[in-house]
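One structure is given below, encoded as structure tokens.
We did not get these values from a lab; they are worked out from the coordinates using the rules stated. For clarity, every value in this text was computed on a predicted model and none was experimentally measured. Cβ placement follows ideal geometry from the backbone for every residue including glycine, while neighbour counts extend to all protein chains displayed.
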Amino acid sequence: MMMTAGKCAICGAGPAAKYGLVILGHYICRPCEEAISGLAWDDPRYEFYKSGLKKIWR
Ligand SMILES: [Zn+2]
């Protein structure tokens with residue numbers, strides 16, 4: 001059984017957030033995906049998302 005589409009690897013949102021992408025087997029919900037792609041470098045939240053991505057890419 002494949003149950004990879006679980007919680008968002010960054011914000012922890014459940015599968016209720018249907019849309020998103022899977023990077024290296026980790027699910028990222030749509031809001032996080034959009035936030036990451038639209039986030040400015042000096043946005044305080046950037047660090048938050050970056051550390052979330054680090055958990056995926058390590
Ligand atoms: Zn998320």
Query raised in the report: Out of residues 5 or more away from TYR27 or on other chains, whose amide H comes under 5 Å of its own, with H placed 1.01 Å from N in the peptide plane?
Result: GLY6, ALA9
**Report entry** Label-point separation in nm, TRP57 to ARG30, each point 7 Å along Cα→Cβ
**Finding:** 2.5
Query raised in the report: Rounded to the nearest 0.05, what FRET efficiency do ASP43 and CYS11 have when you use their Cβ-Cβ distance and R0 = 22 Å?
Result: 0.90
